[in-house]
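Worksheet for the structure shown next.
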Amino acid sequence: MAELIVVRHGQASFGSAQAQGYDRLSEQGEVQSRMVGATLKAAGVVPDRLITGTLERQRRTLELMGFDGTPEEHPGFNEYDFHDMLHARFDGVPPDDVVRDRKHHFRTLRDTLKDWQQGGLPGAAESWPAYSDRVEAARLHATRPGADCVVVVSSGGTIGRLVQRAMGAPDEMMITLNLQVKNTSVTRFIFNARGRFYLHEFNAAPHFFTADGARHMTYS
């Protein structure tokens, strides 16, 4: 069977009210990206298909991982647009502490995603069903015939959705998984041409398993 390896992008710039501010790797994120690339290569991973979403933080992560080959892009691997959801939930003016305070941010993220999944946030640009459909389209694109090892760089929510779908778990499980995904962690699936798709490993980060490596571990 073939393998799909999905890596979450490196740490980005938290605290900007603008999505563009978050869509750049921090210095820590650049270090993490090089670390995971070196670890995967040391483990013998030689991808014959490379894919990212269209986000800069995803593209830059893959670039720094250092694999040979020309990557493809598929927007289905992009993250949901939480900034847009916040504007829909708070009538265009998200509270400042939601944007800048991590604890309040992630509590609000969980509540907002749950509302979104249940059909709330009618003003949001993308519904939960539309998001789910584009992630599934990206999965099918990545696992099409012709590759035995596919490496994708995506985002936490999309990785959570892929895992939730592979497990046949309720939609709300995506939220729990999303909030666990470490920057540059590795999630593996196996698949075949008959449409089989199984979770093999979730949120692994062997590049953080040493005392020196552990200081680089982040979640946002």
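The number of residues in region 172-202 being touching a residue at least 40 places away in the same chain (Cβ under 8 Å), of a type outside the set (Ser, Thr, Tyr) and out of contact with any Gly (no Cβ under 6 Å at 6 or more places or on another chain) comes to 14.
Summed over region 159-196, residues that are over 22 Å from Leu62 (Cα atoms), in contact with a helix residue (DSSP H, G or I) (Cβ under 6 Å, 6 or more places away or on another chain) and not aliphatic (A, V, I, L, M) total 2. Residues in region 201-210 include at least one that is closer than 23 Å to Arg24 by Cβ, touching a Lys or Arg at 6+ places or on another chain (Cβ under 7 Å) and buried (at least 19 other Cβ atoms within 10 Å of the Cβ). Within region 54-81, can you find the residues that are of a type in the set (S, T, N, Q) and either within 16 Å of Thr184 (Cβ to Cβ) or surrounded by 18 or more Cβ atoms within 10 Å (Cβ to Cβ) (or both)? Matches in region 54-81: Gln58, Thr61, Asn78.
Of all the residues in region 123-171, those that are in contact (Cβ under 8 Å) with a residue 40 or more places away in the chain, of a type in the set (A, V, I, L, M, F, W, C) and outside any helix (DSSP H, G or I) number 8.
Checking the conditions here, which among Arg24, Arg8 is buried (at least 17 other Cβ atoms within 10 Å of the Cβ) and charged (D, E, K, R)? Before you say what the answer is, go through the steps one by one.
Numbers: Arg24 fails: buried (at least 17 other Cβ atoms within 10 Å of the Cβ).
Unique residue meeting the criteria: Arg8.
Every number here is computed from the coordinates shown, using simple stated rules; none is lab data. All values derive from a computational prediction rather than experimental measurement. Glycine also receives a Cβ, built like all others from the backbone with ideal geometry; neighbour counts cover every protein chain displayed.
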